[in-house]
1. Express the C-alpha Rg of the stretch 59-177 as a ratio against the empirical globular expectation 2.2 N^0.38 Å, rounded to two decimals.
2. For the chain, calculate the relative contact order in percent as a whole number, restricting contacts to Cα pairs under 8 Å that are 6 or more residues apart.
3. Rounded to whole Å, give me the distance from the Cα center of the stretch 42-73 to that of the stretch 133-154.
4. Where both partners of a DSSP beta bridge lie in the stretch 122-205, what percent of those bridges are antiparallel, to the nearest 5?
5. Please compute the Kirkwood hydrodynamic radius over the stretch 20-116, one decimal place, Å, based on all pairs of different Cα atoms.
6. Given Cα positions, please report Rg to Rh for the chain, the hydrodynamic radius being the Kirkwood one.
7. Kindly work out what percent of the DSSP beta bridges joining two residues of the chain are antiparallel, to the nearest 5.
8. Note the direction-averaged projected area, equal to a quarter of the hull surface, for the Cα convex hull of the stretch 31-87, in nm².
């Protein structure tokens with residue numbers, strides 16, 4: 001039977017699916033669209049079915065870290081933080097919260113294998129070639145002292161770990177109170193080989209190609 005381009009269809013249970021207690025990427029490593037009807041009966045984690053069901057026609061990569069499910073979602077159009085937050089709440093999840101280097105490396109592994117997760121370009125104002133990755137749950141309290149005060153995770157967790165890009169956060173413009181994965185190179189440069197594991201503060205009008213959901 002012809003398959004929908006870019007859609008992964010399981011053919012039969014293999015019996016070798018990792019335990020929910022094993023960290024790792026469970027999906028294909030490249031973003032694909034998943035059909036919930038194909039997954040029913042094969043997928044035993046209700047959270048995966050929930051993610052696929054609430055984000056039809058979106059391409060994603062998902063995996064498990066310390067029993068939490070993380071889903072990197074690639075959007076066909078650029079999305080602002082408010083749109084990422086809308087879909088996240090609709091799915092009954094929250095944007096990813098990160099509390100260790102190991103967790104940060106795992107989340108980064110979900111999206112660094114494909115350029116479609118990034119909004120890349122050249123900013124002549126700073127003379128940098130940038131690579132904007134997924135939105136995560138970083139948020140700054142309104143009363144926080146700029147640029148570094150009041151940062152927390154939008155599910156209420158305090159920040160016990162951070163991975164800001166050099167000289168970030170910097171409140172480059174007023175209202176840069178949400179966060180995403182970000183890195184850049186000086187001057188006009190090819191950033192396709194640049195692996196992004198660091199963060200930056202952004203504003204409500206900034207947009208990128210992806211976001212990361214976390215299901216507990």
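Just so you know, all these numbers are worked out from the coordinates, no wet-lab data involved. This is a predicted model, so every value here is computed, not measured. Reconstructed Cβ throughout: ideal geometry from the backbone, glycine too, with neighbour counts over all protein chains shown.
1. Compactness ratio reported: 1.09.
2. 23
3. If you average the Cα positions of each part, the centres end up 26 Å apart.
4. 95
5. 13.9 Å is the Kirkwood radius here.
6. 0.98
7. For the chain, the DSSP antiparallel bridge percentage is about 90.
8. One quarter of the hull surface, i.e. the mean projection, equals 4.3 nm².
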